[in-house]
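The values are calculated or read from the model by the stated rules, or taken from the named source; none is laboratory data. The structure displayed is predicted, hence computed values, not measured ones. Please note: Cβ atoms are built from the backbone with ideal geometry, for glycine as well, and neighbour counts cover all protein chains shown. Remember, those area values only see protein heavy atoms, side chains included, never the ligands or the DNA or RNA. Shrake-Rupley method; radii C 1.70, N 1.55, O 1.52, S 1.80 Å.
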Amino acid sequence: GGHPVSAAVAMANLDIFEREGINEFVRANEDGFRSTLEKLLDLDIVGDVRGDGYFYGIELVKDKATKETFNEEESERLLRGFLSKALYDAGLYCRADDRGDPVIQLAPPLICDQEHFDEMEGILRSVITQGQNLL
């Protein structure tokens with residue numbers, strides 16, 4: 001809330017971002033992140049991949065053609081009952097949420113590169129495939 005110590009810490013953090021070129025690194029790699037996540041669009045329940053930079057959502061749908069979403073029971077079974085824990089157990093720290101559209105939210109560390117994107121895509125593909133088999 002504007003405390004001088006908090007403000008000093010925030011300013012130091014911004015200085016580090018600038019000195020280490022974090023924002024430029026993200027801008028240089030964001031297209032690779034997007035294109036890697038878009039590979040998941042071949043899965044039956046992935047309706048959309050949307051976002052910018054290193055902040056993305058993977059929308060899950062019941063019917064890809066109509067974009068029909070899951071009912072309450074299906075959301076409970078898929079998102080809260082399976083995906084959240086399975087993604088975490090597989091080593092991907094993200095958020096599977098159904099407030100609004102059922103979405104897997106991704107915000108990886110800003111130092112990730114293509115090797116990390118490929119690993120994330122592999123985990124997501126495996127776990128989402130298992131999840132769609134539960135429906």
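For segment 28-38, the set of residues classified as out of contact with any strand residue (DSSP E or B) (no Cβ under 9 Å at 6 or more places or on another chain) and either outside any helix (DSSP H, G or I) or surrounded by 11 or more Cβ atoms within 10 Å (Cβ to Cβ) (or both) consists of 28, 29, 32, 35, 36, listed by residue number. Is it true that residue 8 is without any contact (Cβ under 8 Å) to a residue 24 or more places away in the chain and open to solvent by 40 Å² or more (accessible area, probe 1.4 Å)? So residue 8 fits the description; yes. Taking helices (runs of 4 or more DSSP H) as the structural unit, those lying wholly within segment 52-135 and holding at least 2 residues that are touching a residue at least 24 places away in the same chain (Cβ under 8 Å) and β-branched (Val, Ile, Thr) correspond to 114-132. Before we move on, is residue 25 in contact with a Pro (Cβ under 9 Å, 6 or more places away or on another chain), farther than 19 Å from residue 131 by Cβ, surrounded by 11 or more Cβ atoms within 10 Å (Cβ to Cβ) and modelled with pLDDT of 95 or more? No: the conditions fail for residue 25. Evaluate segment 45-53: report whether one residue or more is open to solvent by 60 Å² or more (accessible area, probe 1.4 Å), acidic (Asp, Glu) and in contact with a helix residue (DSSP H, G or I) (Cβ under 9 Å, 6 or more places away or on another chain). Within segment 45-53, one or more residues are open to solvent by 60 Å² or more (accessible area, probe 1.4 Å), acidic (Asp, Glu) and in contact with a helix residue (DSSP H, G or I) (Cβ under 9 Å, 6 or more places away or on another chain).
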